[in-house]
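Before any comments, here is the structure.
The values are calculated or read from the model by the stated rules, or taken from the named source; none is laboratory data. Quick caveat: nothing in here was measured; it's all calculated off a predicted structure. Cβ placement follows ideal geometry from the backbone for every residue including glycine, while neighbour counts extend to all protein chains displayed. Accessible surface is based on the protein model in full, side chains and every heavy atom, while ligands, DNA and RNA are left aside. Shrake-Rupley method; radii C 1.70, N 1.55, O 1.52, S 1.80 Å.
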Amino acid sequence: MSVDIFERSQPKPANADIDQSRRTFLKVSAAAGGGFMLALSTACATVGDATDGAVAGAAEPTPAAPPLDLNAFVAISPSGAIRIMAKNPEIGQGIKTMLPMLIAEELDADWSKVQIEQADADRARYDFQIAGGSFATPNHWVPHRQVGAAARSMLMQAAAQSWGVPVDELSTGPSVVLHKASGKSATYGELAEAAAMIPAPDKAAMAKLALKDPKTYRIIGKDVKNWDSPRIVRGEPIFGIDTVVPGMKYAALEKCPVFAGKVVSANVDEIKALPGVTDCFIVRGQTDNLMGLLDGVAILADDWWTAKEARKKLKVVWDEGATAAQSTNSLAARARELAAAKPETWLAPRGAEDGAGEKAAAAAQARLNDAAQVVEASYSYPFLAHAPLEPQNCTAHVKDDGSIEIWAPTQNPAQGIGMVTAATGVAADKITVHMVRCGGGFGRRLSNDYMVEAAAISKQAGNIPVKLVWTREDDIQHDPYRPGGWHHFKAGLDKAGKFTALTNHFISFGENGRTAPSANMSPEEFPHGYIPAAAYGQSLMPIGIPTGPLRAPVSNAVSFCYQSFLDEVALAAGKDPLDLRLELLSGPMADANEPGAGKEGFSAKRMSAVLKELRARSGWDNRASLPKGVGMGCAFYFSHRGHFAHVAKVKVEQNGNWRVHKVWVVADVGAHIINPTNAHNQCEGSVIDGIGEMMQQITYEKGRAVQSNFFDMPLIRMNQAPEIDVHFLITDYAPTGLGEPALPPTLPAVANAIFAATGKRIRDLPVNNADLRWA
């Protein structure tokens, strides 16, 4: 494995690739005006958020290519303008820029001539179109480069036929085909019409296409501004909440504050009579999907303010159902009861033999019984709301011809189309979803409750276009929340201070052995497999509140507990916390867990290299010189295929107020940093998100969320953001995503730094400043 440091100003990519086993095909058809289009369909199973435009210093883009079938990835007009379709939703993660960069690089395009266009949702043409899980880079690294290479090959063949020369004598420059021997050249625009007549490579030919030597990259690895950034700065209406279509009405929807509550009655006639209100009616939903269409009362008006104000005069009688009996206090009390008993189940790795979890528990308990020292600690974290800056919204038009047109800021359009089909009876192929840019997502827009609501209201209102906009309160109080959880650890140390055993009783949510969405935990959480014995038990309680993925789902919470407890173990063993981690990663059990060369999965060798670089860059070994009240903490975590480690420097005032001054981030995400600007932005945003999560919580009373807006569910402020230093190790692995894996180590690194500064351990979130006071 080769290791190097990625510098923003001088990237040093290495050769890397991944096996291409997904169905890929290309097709070519003549384009209006003599251009050509190249379409690609890739079966990429993907499930998760920052920059779109030109290579630094490039000119403003040329006018767009002529309108073409939205199935096209590449379209070239006679003028030389190149249109590249962005297939996945843009939620701020910069994918609208990054994926076209892959195509443009292998096309050998002049980036200043590239126009990027957001594709509509079309699973038949594009297969999975989704933003989540940081899958876009690994799933499209090969297919998107192949489509660019195929287009380049066709252009070269067109030139070879025109000039009567062998194609292998040709080369390309930025948007031009060259024949060195004769000095001939032709622009892509000049060759576009002829290239459209060249048969597209089939799958076998695609696999044989020569891809560029990374040393020749002109676009990949260069700082590229996000395509939409200039429009955002100018305040142009490009977000879902900006959508306006002719004849639309604005809608507000009042739902039960308790999830799945049913409408008993409502004063709809009184609301209809209010000035400016055009309609009001009860929407009937189901209760089997807490993030689907639920009961509510819709109000329509000529403007949203009128609809919103009319809501204040609604008088709805609700049947709140059984969830109204649940509260934060009752859930915590039940968690304490479960913690006092044995775990309901012992987790075992997928594919393990029956009883493997119980055997592991017995082995771990035996080690604990023989331990010279047992370290015990309990950790907890709260429910969290996603709270994207753009509240949920959707514009929908159920039409008289039996079709539906939708404009939605969605991360997962296919799921939304399925919900709309179920609610309206309109077949999926009659539903058009325009994927509008999202004002943040973080996993919230993987659920499409707002989409099915808008469609249902449009249909019930008489097949008119309707723009549904939620308030901030709607958004925070009707969320698929990041679930809370409780972890109860026991660690065993032998006489030499060696970490020999670990158990954890994990209390979470679910029923019949199945956890609620994102309420699970891996049975192989580190240090499982790196110490002689580890066993993780689980007990579940039912819940009527929806849960779901928040940026770096599961990892964002579990990392806080495990990596904080590792610091406690290090302290008990009398070891430097970073040394303990390196010891575990380089111990006798590490090689047995190491994946094969170039294979995905957690690699102790890769993480060790990350930690060693972090130690040097952060000045970890000099932390003893820090003044009183200032501390440094470390943590690492592997998630979404990214190896990340952080050191946080935190100052805690005597009154308990604290601030993160600096965070060092070192990461290994493979051989190529495709867009350095965006990569740094993603890491910085993840760190800031992670710090913010340490200040937030959602609590419940009588089945409803207590918090409702930023005054009681605060986001981190600009003046609380730390200095962030990001560095990437370049290794011989295929590149992976960056939207999520930089977040999980943030929380434990900060918590461990607070302990170093004060001697007070953070075991429960959110952080209570009063508990951190020191003399």
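Looking at segment 642-670, which of its residues are outside any strand (DSSP E or B) and either surrounded by 24 or more Cβ atoms within 10 Å (Cβ to Cβ) or of a type in the set (Phe, Trp, Tyr) (or both)?
Here is the first cut: in segment 642-670, the ones outside any strand (DSSP E or B) are 653-657, 669-670.
Passing the criteria: VAL669, GLY670.
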So ILE241, is it closer than 30 Å to LEU293 by Cβ, part of a helix (DSSP H, G or I) and open to solvent by 20 Å² or more (accessible area, probe 1.4 Å):
yes
I'd like the residue in segment 205-231 that is surrounded by 15 or more Cβ atoms within 10 Å (Cβ to Cβ) and of a type in the set (A, V, I, L, M, F, W, C) and, out of all such residues, is modelled with the lowest pLDDT.
MET206
Can you say whether ARG284 is loosely packed, with under 15 Cβ neighbours inside 10 Å, at pLDDT 95 or above and within 25 Å of PRO465 (Cα to Cα), as far as the supplied structure shows?
yes
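So for segment 293-301 (the condition being among the charged types (D, E, K, R) and crowded, with 20+ Cβ neighbours inside 10 Å), does at least one residue qualify? Walk me through it before giving the result.
First, pick out the residues of segment 293-301 that are among the charged types (D, E, K, R): 295.
Checking the rest, the ones that are also crowded, with 20+ Cβ neighbours inside 10 Å come to 295.
Within segment 293-301, one or more residues are among the charged types (D, E, K, R) and crowded, with 20+ Cβ neighbours inside 10 Å.
Given the condition aromatic (Phe, Trp, Tyr), modelled with pLDDT of 95 or more and part of a helix (DSSP H, G or I), answer yes or no: does some residue in segment 565-587 qualify? Working first, answer last.
Residues of segment 565-587 that are aromatic (Phe, Trp, Tyr), as a first pass: 565.
Remaining after also requiring modelled with pLDDT of 95 or more: 565.
Now narrow it down to the ones that are part of a helix (DSSP H, G or I): 565.
Yes; the residues of segment 565-587 include at least one that is aromatic (Phe, Trp, Tyr), modelled with pLDDT of 95 or more and part of a helix (DSSP H, G or I).
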Filter segment 164-185 for residues that are open to solvent by 60 Å² or more (accessible area, probe 1.4 Å) and under 16 Å from LYS113 (Cβ atoms); the one that is farthest from the chain's Cα centre (by Cα) is SER185
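Which one is farthest from ALA377 (Cα to Cα), of the residues in segment 452-499 that are among the small types (Gly, Ala, Ser) and part of a helix (DSSP H, G or I)?
SER458
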Which numbered condition trips up ALA552, out of (1) part of a loop (DSSP other than H, G, I, E, B); (2) in contact with a strand residue (DSSP E or B) (Cβ under 9 Å, 6 or more places away or on another chain); (3) surrounded by fewer than 24 Cβ atoms within 10 Å (Cβ to Cβ); (4) hydrophobic (A, V, I, L, M, F, W, C)?
(3)
Under the condition of being in a helix (DSSP H, G or I) and in contact with a helix residue (DSSP H, G or I) (Cβ under 8 Å, 6 or more places away or on another chain), which residue from segment 186-204 is surrounded by the most Cβ atoms within 10 Å (Cβ to Cβ)?
TYR188
Might you check whether a residue that is modelled with pLDDT of 95 or more, in contact with a His (Cβ under 6 Å, 6 or more places away or on another chain) and over 17 Å from LEU566 (Cβ atoms) occurs anywhere in segment 504-526?
yes
Among the residues of segment 395-449, how many are hydrophobic (A, V, I, L, M, F, W, C) and over 29 Å from SER229 (Cβ atoms)?
11
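Taking THR746, is it under 17 Å from VAL665 (Cβ atoms), out of contact with any Lys or Arg (no Cβ under 9 Å at 6 or more places or on another chain) and hydroxyl-bearing (Ser, Thr, Tyr)? Step through it out loud before you land on a result.
On the way: under 17 Å from VAL665 (Cβ atoms): yes; out of contact with any Lys or Arg (no Cβ under 9 Å at 6 or more places or on another chain): yes; hydroxyl-bearing (Ser, Thr, Tyr): yes.
Against the criterion (under 17 Å from VAL665 (Cβ atoms), out of contact with any Lys or Arg (no Cβ under 9 Å at 6 or more places or on another chain) and hydroxyl-bearing (Ser, Thr, Tyr)), THR746 qualifies.
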Close pairs from segment 496-522: first on the phi > 0 side of the Ramachandran plot, partner part of a strand (DSSP E or B), Cβ under 7 Å, at least 6 apart:
GLY510/LEU540; GLY513/THR345; SER518/ARG482; SER518/THR547
Strands (runs of 3 or more DSSP E) contained entirely in segment 320-422, each with at least 1 residues that are among the acidic types (Asp, Glu) and surrounded by 18 or more Cβ atoms within 10 Å (Cβ to Cβ)
404-408
How many residues are in a loop (DSSP other than H, G, I, E, B) and not hydrophobic (A, V, I, L, M, F, W, C) if we restrict to segment 500-520?
5
Kindly indicate whether any position in segment 431-443 is assigned to a helix (DSSP H, G or I) and either crowded, with 24+ Cβ neighbours inside 10 Å or in contact with a Ser or Thr (Cβ under 6 Å, 6 or more places away or on another chain) (or both).
no
For segment 521-546, enumerate the residues that are in a loop (DSSP other than H, G, I, E, B) and among the aromatic types (Phe, Trp, Tyr).
PHE526, TYR530
Taking segment 576-624 as the search range and keeping residues that are touching a Lys or Arg at 6+ places or on another chain (Cβ under 9 Å) and of a type in the set (S, T, N, Q), which one is surrounded by the most Cβ atoms within 10 Å (Cβ to Cβ)?
SER618
Could you say whether any residue in segment 132-146 is farther than 24 Å from GLU740 by Cβ, open to solvent by less than 20 Å² (accessible area, probe 1.4 Å) and touching a strand residue (DSSP E or B) at 6+ places or on another chain (Cβ under 6 Å)?
no
Every residue from segment 73-111 that is farther than 17 Å from GLU190 by Cα, among the small types (Gly, Ala, Ser), open to solvent by less than 10 Å² (accessible area, probe 1.4 Å) and not in a helix (DSSP H, G or I):
ALA86, GLY94
Name the single residue, out of those in segment 744-775 being open to solvent by 50 Å² or more (accessible area, probe 1.4 Å) and within 14 Å of TYR381 (Cβ to Cβ), that is farthest from the chain's Cα centre (by Cα).
ASN768
Could you check segment 262-284 and list, in sequence order, the residues that are in contact with a helix residue (DSSP H, G or I) (Cβ under 8 Å, 6 or more places away or on another chain) and not in a strand (DSSP E or B)?
ILE271, LEU274, PRO275, GLY276
